[in-house]
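S.K.: Pasting a structure here, questions to come.
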Amino acid sequence: MSHLPTYFVSHGGGPWPWMKEQYGPTYDKLAASLVDIRRQVGQRPKAILVVTAHWETEGGFKVSSGAAPGMIYDYGGFPPHTYEIRYPAPGDPQLAARVAQLLNDAGQPTTLDAERGFDHGTFSMLAPIYPDADVPVVQLSIRRDYDPATHLAVGRALAPLRDEGVLILGSGLSFHNLRLFGQGGALASSAFDTWLQHVLLELSPEDREQALLHWSEAPYARHAHPREDHLVPLWVVLGAAEREETACVYHEEHFFGGLTVSSFRFGAAPEK
């Protein structure tokens, strides 16, 4: 199987793929970008590793290792049918063990969690990419201290998976300040996204790393991310492909009435 790229995906809010009636065209552009990831990857991967912003752990990392993960409806105030959603992709205990081995060998304490189900940052993102839920999925937590250097190092340790048929997806959001969703976040999201595009698309790998290590000095950084949980998956997927080319695969400037949001691919798409 080809050397697979990695992705940082701005995953949207809540169970949006199951709310087309309520949202209308709001998510059309994001949905199209997710469908296009399947086209870019081409061949169906053996498995998917999702680095999810919605699973934070203390001290070390955890990997979901159940064979048939359940669902975690980690949102509130949505229609009743969204609490009955199923994304029945299988887990992959063998891959989970491989992830834990790679991270532990790299000095990053990691344990298995056989009970962890799919959170909405995982199933809402994956539903448009692989709607048949026929690719095994494993989730990796982020560490609650949000340390950039640690998460970049975790990505480097996971890099061998890219040659083992595993698609690594970081699920977060390039702008995540719920108090400024809509027009109120227009300036902050645009300024931060401009900085992020510059760092990821124009800087050398060395300068890019330094910029991300000091990301909080970026324009409107703490307006864009009061807590950087939704930015952390970016560091992991970049670490797994840090010297390879970067492409912006989704960019929208009027998301939810005024937000600028983006998604990125690291590494070239496989040759068809």
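Derivation of every value follows stated rules applied to the coordinates shown; laboratory data play no part. This structure is a prediction, so every number in the text was calculated from the model and none was measured. Neighbour counts run over all protein chains shown; Cβ positions are idealised from the backbone, glycine included.
S.K.: Please list, in chain and number order, the residues 5+ apart from residue 255 or on another chain whose amide H is under 5 Å from its amide H, with Hs placed from the backbone.
M.R.: Here 261 satisfy the definition.
S.K.: Let me have the 222 nm mean residue ellipticity of the chain computed from DSSP H runs of 4+ only, each contributing -39500 (n - 2.57), with the sum over all residues rounded to the nearest 500.
M.R.: One gets -9500 deg cm²/dmol as the mean residue ellipticity at 222 nm.
S.K.: Taking the Cβ of each residue in 120, 223, 198 as the centre, tally the other Cβ atoms inside 10 Å and list the residues starting with the fewest.
M.R.: 198, 223, 120
S.K.: Go through 96, 124, 41 and say which Cα lies farthest out towards the positive end of the charge dipole of the range 1-156; charges sit on Cβ, +1 for Lys and Arg, -1 for Asp and Glu.
M.R.: 41
S.K.: Now for a separate question. Roughly how many whole Å is it from the C-alpha centroid of the range 114-159 to that of the range 164-224?
M.R.: Computed from Cα coordinates, the inter-centre distance equals 18 Å.
S.K.: Tell me, what HN-Hα J-couplings in whole Hz come from the Karplus equation 6.51 cos²θ - 1.76 cosθ + 1.60 at θ = phi - 60° for each residue of the range 38-43, using x for Gly and Pro?
M.R.: 4, 5, 4, 5, x, 4
S.K.: Separate question: Relative contact order of the range 6-266, please, whole-number percent, based on alpha carbon pairs below 8 angstrom and at least 6 residues apart.
M.R.: Answer for the range 6-266 is 29 percent.
S.K.: At what distance in nm do the modelled label points of residue 216 and residue 3 sit from each other, each positioned 7 Å from its Cα along Cα→Cβ?
M.R.: Roughly 3.5 nm, to one decimal.
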